[in-house]
Amino acid sequence: MRENRTQGSVRGLPDNRQFYLDYKMKIELANRLHQLKTRMNHSLQSRKNCHCHIIGADEKNKPYLIGTGVVLDFDSNIYIATAAHVIDENEITTIYTFLGGKQLIIEGEVYSTIKPGNDRNNDKLDIAIYKVADSLIQKFRDSYTPVTLKDIDVDDVPQSKKYYAFIGHPTNKTKPKHQTTIIKSETFSYFGSKASSSAYDQLSLTPYSHIVVGFDPNKCLDENGDRYNFPKAKGMSGGGVWLLEDLNNHSSQSYVNKLVGIGIEDHKNPKVMVGTRIGAVIEAIKNKYPDCKGLPQTNFTINDV
């Protein structure tokens, strides 16, 4: 009997060691995931103030949300990058934002990518830029934390194990304050990884021009990793797409936190969010403002905006 107990103990030892190793690996993985979520949450919080509301007003001067814009500070000028279909609303309303808590008209020059066949649905890039009037530059800097050239990455190409965040202001989470021209709004962020190649093919897009991330609003994780239902993405158009983590690199180098695109649309089939890579915005600025200094080289060619 004593011998059998000894043999059983010897035979069980490798299993005990394996159990210990498996348990240790799970703990290490949990710690890494917690660190990843913490870094993502910190990244998202630090980037939310780069995003401004783009607002219209109805015939009773009641404000309503059109979309989101990303405030850029390049070569002493302020630009707002957004989706072209957001700026198309300028045909029916004056466009406003909030500066210092006040609703003000966005004064300046605006340029959008062209509509093939006069149909914005045929515009795959769907981006626009506002060059803000000099008189508003300081107000934008005081109200927001603009993106600078060191905060962008024009070379990022979507891959698996990269985690992206779409940031913006959902319309159904934006309401006007009673008897005022001010709106109450929340900034939301959705993060996920690169969609499948079949999703890109279905949309006739490539990773060299667009960032496509799987998106199921009923199966989302918030910034703390908890499950919840994401609000409708309408209103988030024009918001920033941020590369938060690149786990293709060593974990100590995975932290990125760079602006890599502008969100333009979401789809139900396939279930994805789509952003145009930030290089398109850079080339649009180059084309219209060739004196803007320090802009990086990109792989985009934009013939007209």
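The values are calculated or read from the model by the stated rules, or taken from the named source; none is laboratory data. Remember, it's a predicted structure, so these values are computed and weren't measured experimentally. Cβ sites come from the backbone with ideal geometry, for glycine too, and all protein chains shown count toward neighbours. Accessible surface is based on the protein model in full, side chains and every heavy atom, while ligands, DNA and RNA are left aside. Shrake-Rupley method; radii C 1.70, N 1.55, O 1.52, S 1.80 Å.
Brief remarks on what is shown
- Checked against (1) in contact with a Gly (Cβ under 9 Å, 6 or more places away or on another chain); (2) at pLDDT 90 or above; (3) β-branched (V, I, T); (4) surrounded by 17 or more Cβ atoms within 10 Å (Cβ to Cβ), T174 meets all criteria but (2).
- Taken residue by residue, the stretch 228-235 has no member that is at pLDDT 90 or above and farther than 15 Å from D126 by Cα.
- Restricting attention to the stretch 277-292, the residues that are open to solvent by 10 Å² or more (accessible area, probe 1.4 Å) and among the hydrophobic types (A, V, I, L, M, F, W, C) add up to 1.
- Condition check for F98: of a type in the set (A, V, I, L, M, F, W, C), at pLDDT below 90, farther than 25 Å from G192 by Cα and not in a strand (DSSP E or B): no
- Options Y200, Y208, Y190: the member that is assigned to a loop (DSSP other than H, G, I, E, B), of a type in the set (S, T, Y) and at pLDDT 75 or above: Y208
- Selection of the stretch 85-95 for residues being assigned to a helix (DSSP H, G or I) and hydrophobic (A, V, I, L, M, F, W, C) yields V86, I87.
Conditions (1) part of a helix (DSSP H, G or I); (2) at pLDDT below 95; (3) within 20 Å of K115 (Cβ to Cβ); (4) aromatic (F, W, Y), marked per residue:
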| residue | (1), (2), (3), (4) |
| --- | --- |
| V256 | no, yes, no, no |
| V260 | no, no, no, no |
| M273 | no, yes, no, no |
| T276 | no, no, yes, no |
| K293 | no, yes, no, no |
| Q297 | no, yes, no, no |
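- Answer residue from the stretch 115-168, given it is among the β-branched types (V, I, T) and closer than 22 Å to T206 by Cα and is modelled with the lowest pLDDT among those: I167
- Residues located in the stretch 49-84, provided they are surrounded by 16 or more Cβ atoms within 10 Å (Cβ to Cβ), outside any strand (DSSP E or B) and not small (G, A, S): C50
- Residues satisfying the stated conditions in the stretch 244-276, i.e. in contact with a Lys or Arg (Cβ under 6 Å, 6 or more places away or on another chain) and surrounded by fewer than 22 Cβ atoms within 10 Å (Cβ to Cβ): D246, L247, N248, Y255
- Tally, over the stretch 77-95, of residues that are at pLDDT below 95, touching a helix residue (DSSP H, G or I) at 6+ places or on another chain (Cβ under 9 Å) and hydroxyl-bearing (S, T, Y): 0
- For the stretch 211-224, the criterion of being at pLDDT 80 or above and touching a Cys at 6+ places or on another chain (Cβ under 9 Å) is met by no residue.
- Top-ranked residue in the stretch 109-159 [being open to solvent by less than 30 Å² (accessible area, probe 1.4 Å) and part of a helix (DSSP H, G or I); ranked as nearest to H210 (Cα to Cα)]: D151
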